[in-house]
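Student: A single structure is presented below for examination.
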Amino acid sequence: MTLILEEFEQMTRRLRLAGLKSIEKGAERESKGVVIAIHGWLDNAASFVPLAAHLSLAERFYALDLPGHGLSEHRAPSADYHLMDYIPDVLAFMDQVAPNQAVTLLGHSLGGVVCALLAAAMPERVSRLVMLDSLGPYSDRSEQVLAQWRKAVIKVMEPIKPLKVFEQKELAIRARMAGVGKVGYDAASLLVARGIRAVEGGFVWRSDPRLTFPSLLRFS
């Protein structure tokens, strides 16, 4: 029997997270292990909908929208989207759904990086680590770090540009198909359905535009 997913929201001690989870019978909920799936950059929890159709898990399954992505809360204007900040975000979620329990982490691309760093920092909280299309965080040679930092500081101080408005949802789907990490029509449709919101004149991306800024912190 494949997984059937439903929407959820969870308020953590850091911020409100949303996503998709497997439908559970309440009496069995506490006896099961937990799998937490983390999507890639500018994607959302819908990344794992096709995979869920091929899974038959005894564990509870959660696909998270990272902060600033999908239906999860955006960070405050005074905060930034540092890679390392996602680690306590996911740990805060784990404390809500799997307190004092080691979980399976399933990460794609950026999500795989987050999962790997979390496993390195808190190995006692991770029973298994699965990384899809992900080997670890981006890094720069030491002599490039200062140039990257200067570029990021200049960008973060610039005004945020108005969001592009797509007159039709189909145009947003085509744009996602051609974006970073090109995907097919069906996958783009899933991501766009969760990744846009209606405005006057059409649709705009729901994700926080600050996610496209250069990283202020990068490993050497």
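The values are calculated or read from the model by the stated rules, or taken from the named source; none is laboratory data. Fair warning: this is a prediction, and the values are worked out from it, not measured in the lab. Note that each Cβ is placed from the backbone with ideal geometry, even for glycine, and that neighbours are counted across all protein chains shown. Ligands, DNA and RNA are stripped out before the accessible areas are found, and what is left, the full protein with its side chains, is counted by its heavy atoms. Shrake-Rupley method; radii C 1.70, N 1.55, O 1.52, S 1.80 Å.
Student: Return the whole-Å distance between the Cα centroid of region 93-133 and the Cα centroid of region 59-80.
Tutor: Centre-to-centre (Cα) distance: 15 Å.
Student: Leaving out ligands and nucleic acids, note down the accessible area per residue over the chain with a 1.4 angstrom probe, in whole Å². Let's see the in-between values first.
Tutor: Numbers: 11980 Å² over 220 residues.
Per residue, the chain has 54 Å² of solvent-accessible surface.
Student: Another one. Gap in Å between the Cα centre of region 1-20 and the Cα centre of region 139-211?
Tutor: So the separation of the two Cα centres works out to 23 Å.
Student: Here's another thing I want to ask about it. Among Y138, L55, V156, whose Cα projects farthest towards the positive end of the dipole of the chain, with charges put on the beta-carbon of Lys, Arg (+1) and Asp, Glu (-1)?
Tutor: V156
Student: I'm checking a number: the convex hull volume of the Cα atoms of region 160-220, normalised per residue, in Å³. What is it?
Tutor: Details: hull volume 6.2 nm³, N = 61.
Dividing the Cα hull volume of region 160-220 by its residue count gives 101 Å³.
Student: Report Rg(Cα)/(2.2 N^0.38 Å) for region 113-168, keeping two decimals.
Tutor: Dividing the Cα radius of gyration by 2.2 N^0.38 Å gives 1.76.
Student: Further question on the same structure: Provide, as a two-decimal number, the C-alpha radius of gyration of region 43-106 over 2.2 N^0.38 Å, N being how many residues it has.
Tutor: Relative to the 2.2 N^0.38 Å estimate, region 43-106 comes out at 1.25.
Student: Just how large is the dipole of the chain about the Cα centre, in debye to the nearest 20, putting +1 at every Lys and Arg Cβ and -1 at every Asp and Glu Cβ?
Tutor: Roughly 400 debye, rounded to the nearest 20.
Student: Which three lengths, in whole Å and largest first, does region 38-149 cover when its Cα atoms are put on their principal axes?
Tutor: Projected onto its principal axes, the Cα set of region 38-149 covers 48, 29, 28 Å.
Student: Find the relative contact order for region 21-128 and round it to a whole percent, using C-alpha pairs within less than 8 Å whose residues are 6+ positions apart.
Tutor: 33
Student: Relative contact order (percent) for the chain, with alpha-carbon contacts under 8 angstrom and 6 or more residues of separation?
Tutor: Reported as a whole number, the value is 21 percent.
Student: Do you know the relative contact order of region 76-170, to the nearest whole percent, from alpha carbon pairs under 8 angstrom that are 6+ apart?
Tutor: Values: 70 pairs, mean separation 21.6, N = 95.
Taking the mean separation of contacting Cα pairs over the length of region 76-170, I get 23 percent.
Student: Of the heavy-atom accessible surface of region 57-174 (probe 1.4 angstrom), what whole percent is carbon and sulfur?
Tutor: Heavy-atom surface of region 57-174 belonging to carbon and sulfur, 1.4 Å probe: 58 percent.
Student: Relative to the compact globular guide of 2.2 N^0.38 Å, what is the alpha carbon radius of gyration of region 1-87, as a ratio?
Tutor: 1.15
Student: Using the Cα atoms of the chain, I'd like the radius of gyration and the largest Cα-Cα distance, Dmax, both in angstrom.
Tutor: So, for the chain, Rg and Dmax equal 17.8, 57 Å respectively.
Student: Grab the other residues whose beta carbon is less than 14 angstrom from that of F166, score K and R as +1, D and E as -1, and report the net.
Tutor: Taking every Cβ under 14 Å from that of F166, the sum is +3.
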